[in-house]
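Peer 1: Quick one: structure below, then a few questions.
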Amino acid sequence: MSRSRWSQQRGVPRGSTYDARWNRLASSGHNIHGEADFIAGFEPSSVLDAGCGTGRVGIELVRRGIDSVGVDLDPKMLEAARKKAPTLEWFEADLQNFSLGRSFDIAILAGNVMIFVLPGSEERVVRQIAHHLRKGGLFVSGFSLDADGFDLDQYDQIMKRLGLMAAGRWSTWERDPFTGDNYAVSAHRKT
C-alpha cells in the first residue's frame with residue numbers, strides 16, 4: 001500500500017489528538033462544519049468523503065440525512081472515525097487504487113488531501129475518485145496554495161485531461177469569491 005505525504009510526517013496529530021483541535025474550535029463557538037455546509041448546499045443523496053480522516057465531514061453529512069462513505073489511508077484517523085460513528089462505512093485504502101463498487105453524487109476532498117498525496121500520484125488519485133462519481137457528479141476539493149507544492153494549474157490540467165469540467169472555484173468553504181490567495185475550493189463536474 002502506498003503511503004502519503006501526511007503519513008510520512010512525524011509529530012503531526014492523528015486520531016483523537018487531531019480531533020482535539022476541532023473540539024476546541026467548536027467549544028469556542030466556531031462553525032467547524034463549513035465543508036458539510038458547502039456540500040449540503042448541492043443537495044446530494046450520497047457523498048464519498050475521500051481522505052476522510054477522523055470523519056468530521058462525513059459524520060456531519062450523515063447527521064443531515066446524506067449517505068456518506070469515508071476512505072482514508074491512516075488507520076489511526078479511521079480508528080477515531082469508527083469510535084465516533086461505528087455504524088458508518090469507513091474504508092482503509094490508498095486513494096490511488098481503491099474500489100467501493102458504487103457511485104456517488106459528490107466526492108469531497110477536504111483537509112488539504114490533494115497536497116498530502118504522494119508527489120506524482122495526483123492524477124491517479126483524481127482518476128480513481130472520479131471513477132466513483134455518477135455521470136454529472138461533482139468532484140470538490142479544497143487545499144492550501146503553496147508556491148513550492150501542488151498548484152491550481154497542475155490541478156486544473158489533471159481535471160481537464162480526465163474530462164472533469166470546471167463548475168466553480170471559491171476562496172473558502174463559505175463560498176467567498178476566489179481571490180487567488182492562500183486557499184482554493186474547486187468543483188468539477190463529471191461529464
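The values are calculated or read from the model by the stated rules, or taken from the named source; none is laboratory data. For clarity, every value in this text was computed on a predicted model and none was experimentally measured. Counting neighbours? That spans all protein chains shown, and the Cβs are built from the backbone with ideal geometry, glycine included.
Peer 1: Tell me, which residue of segment 83-114 that is assigned to a helix (DSSP H, G or I) and crowded, with 19+ Cβ neighbours inside 10 Å is nearest to the chain's Cα centre (by Cα)?
Peer 2: V113
Peer 1: What number goes with the only condition from (1) free of Cβ contacts under 8 Å to residues at least 40 places away in the same chain; (2) out of contact with any Phe, Trp or Tyr (no Cβ under 7 Å at 6 or more places or on another chain); (3) more than 16 Å from W173 (Cα to Cα); (4) part of a loop (DSSP other than H, G, I, E, B) that H30 does not pass?
Peer 2: (3)
Peer 1: If I ask for residues that are surrounded by fewer than 15 Cβ atoms within 10 Å (Cβ to Cβ) and modelled with pLDDT under 95, which ones from segment 115-135 would you list?
Peer 2: Within segment 115-135, P119, G120 meet the criteria.
Peer 1: May I pose another question? Taking the residues in segment 134-158 that are hydrophobic (A, V, I, L, M, F, W, C) and in a helix (DSSP H, G or I) as candidates, determine which candidate is nearest to R169 (Cα to Cα).
Peer 2: L152
Peer 1: Which residue is farthest from A93 (Cα to Cα), if the candidates are limited to segment 131-152 and must be out of contact with any helix residue (DSSP H, G or I) (no Cβ under 9 Å at 6 or more places or on another chain) and touching a residue at least 60 places away in the same chain (Cβ under 8 Å)?
Peer 2: Restricting to residues being out of contact with any helix residue (DSSP H, G or I) (no Cβ under 9 Å at 6 or more places or on another chain) and touching a residue at least 60 places away in the same chain (Cβ under 8 Å), the top hit is L133.
Peer 1: Next up: Within segment 173-191, restricting attention to residues that are polar (S, T, N, Q) and at pLDDT below 95, which residue is nearest to S103 (Cα to Cα)?
Peer 2: Per the stated criteria, the residue is T191.
Peer 1: Then there is this: So, in segment 153-170, how many residues would count as being more than 22 Å from V47 (Cβ to Cβ) and out of contact with any helix residue (DSSP H, G or I) (no Cβ under 8 Å at 6 or more places or on another chain)?
Peer 2: Final tally of qualifying residues: 4.
Peer 1: Another question, if that's okay. Can you tell me how many residues within segment 40-65 are surrounded by 17 or more Cβ atoms within 10 Å (Cβ to Cβ) and of a type in the set (S, T, N, Q)?
Peer 2: Looking only at that region, the number is 2.
Peer 1: Confirm whether R124 is within 17 Å of the chain's Cα centre (by Cα), assigned to a strand (DSSP E or B) and charged (D, E, K, R).
Peer 2: So R124 does not fit the description; no.
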